[in-house]
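Notes for the one structure printed next.
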Amino acid sequence: MRKQIVAGNWKMNLNAAESQELIDALKAQTFNDGVHVAIATPYVHLAAAVDQTAGTSIDVAAQNMHQAASGAYTGEVSAAMLEGIGVKTVILGHSERRAYFHETDALLAEKVNAALENDMHVIFCFGEELEDRKSEAHFDLVTSQLTNGLFHLNASQWANITLAYEPVWAIGTGETASPAQAQEMHAHIRAVLAAKYDDALAQSVSVLYGGSVKPANAKEIFAQTDVDGGLIGGASLKAEDFAAIVNAF
Ligand code: PEP
């Protein structure tokens with residue numbers, strides 16, 4: 001059975017005290033046992049978050065990392081540095097990284113390799129812009145993001161990959177893909193994986209949906225056959241809302 005996962009992406013929000021407060025509030029929530037829960041905090045809060053969540057089922061993730069092992073890359077953080085403070089998961093390819101920091105599929109492929117070399121788990125984000133959907137290029141676009149970012153991996157490396165389909169037009173906009181639109185794309189993603197690898201691999205990879213998931217719509221989205229959870233932005237900043245989403249399974 002595929003892993004069900006709900007990951008919160010805090011983005012560039014919350015100071016140290018607020019981060020601590022939110023983690024305390026999350027620790028006071030009851031989460032559905034079967035669901036893997038992760039929170040991606042800003043870099044500066046990661047070490048404290050790892051300490052604060054020790055002994056709980058909450059996994060702490062980074063929102064990004066550099067592809068090089070070390071060197072003259074001012075302002076950057078490597079996989080080994082993350083791994084060294086106990087961070088075992090990293091989000092790569094978020095649409096905000098692609099749009100504002102010009103991260104390409106080729107660069108993301110390098111980042112994925114660096115993360116896997118350091119035994120980290122990757123939540124790999126991808127998804128189409130509104131224009132792609134309007135011009136009905138969304139399936140091709142998603143296929144090419146997967147092909148160029150991930151299809152150099154061998155089958156065994158996929159054990160450390162979770163996919164997060166996030167239509168860019170639904171991120172932070174209040175606009176959600178309908179459950180049917182999410183299912184249609186998730187089924188496409190699995191078909192593309194099966195064609196490149198095989199059906200067993202395609203059925204084993206968790207594929208999350210991201211884009212304005214809230215307590216009110218999570219149940220319907222998570223009920224789709226090929227949706228294995230969510231990557232949650234805005235609603236992950238409120239413990240009750242995040243817990244309600246986790247418990248929507
Ligand atoms: C995200 O940042 O990955 C995201 C899905 O944001 P939101 O839930 O706010 O749309």
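The values are calculated or read from the model by the stated rules, or taken from the named source; none is laboratory data. For clarity, every value in this text was computed on a predicted model and none was experimentally measured. We place every Cβ from the backbone using ideal geometry, glycine too, and count neighbours over all the protein chains shown. Areas reflect the complete protein model, heavy atoms only, side chains present, ligands, DNA and RNA absent. Shrake-Rupley method; radii C 1.70, N 1.55, O 1.52, S 1.80 Å.
Taken about its Cα centre, the stretch 1-139 carries a charge dipole of about 200 debye when Lys and Arg each add +1 at the Cβ and Asp and Glu each add -1 at the Cβ.
Packing order of peptides 169-176, 121-128, 181-188, highest average first: 121-128, 181-188, 169-176 (average count of other Cβ atoms within 10 Å over each peptide's residues). The value for the chain of Rg(Cα) / (2.2 N^0.38 Å) is 0.94. Evaluated with a Cβ-only charge set (Lys, Arg +1; Asp, Glu -1), the chain carries a dipole of roughly 220 debye about its Cα centre, given to the nearest 20. The value of relative contact order for the chain, using C-alpha pairs under 8 Å at least six residues apart, is 22 percent.
Once you sort the root eigenvalues of the Cα gyration tensor of the stretch 57-112 as a ≥ b ≥ c, which label holds: rounded (a/c under 1.5), prolate (a/b larger than b/c) or oblate (the other case)? The shape class here is oblate. Lys-Lys pairs in the chain that are eight or more residues apart or on separate chains and whose Cα atoms lie under 25 Å of each other come to 24.
Give me the base-10 log of I(q)/I(0) for the stretch 137-230 at each q in 0.10, 0.22 Å⁻¹, Debye formula, one uniform scatterer per Cα, rounded to two decimals. With one equal scatterer per Cα and no solvent, log10 I(q)/I(0) is -0.25, -1.12. The Cα atoms of the stretch 13-57 define a convex hull whose projected area, averaged across directions, is 3.2 nm².
The fraction of all Cα pairs in the stretch 79-203 landing in successive 5 Å bins from 0 to the largest distance is 2, 10, 20, 23, 20, 14, 8, 2, 0, given as whole percents.
Per-atom-type breakdown for the stretch 180-249 gives carbon and sulfur 52% of the accessible area (1.4 Å probe, protein chains only).
Around the amide H of Ala61, modelled in the peptide plane, lie the amide H atoms of Ile39, Ala40, Thr41, all under 5 Å away and 5 or more residues distant in sequence or on another chain. Using a cutoff of 8 angstrom between alpha carbon atoms and counting only pairs six or more residues apart, the relative contact order for the stretch 128-188 works out to 42 percent.
Rolling a 1.4 Å probe over the protein heavy atoms gives the stretch 79-162 an accessible area of 45 Å² per residue.
Report the local net charge at Thr89: Lys and Arg +1, Asp and Glu -1, summed over other residues whose C-beta lies under 14 Å from its C-beta. Taking every other residue near Thr89 into account, the sum is 0. I'd like the distance between the alpha-carbon centres of the stretch 85-101 and the stretch 11-57, rounded to an integer number of Å. About 17 Å separates the Cα centre of the stretch 85-101 from the one of the stretch 11-57.
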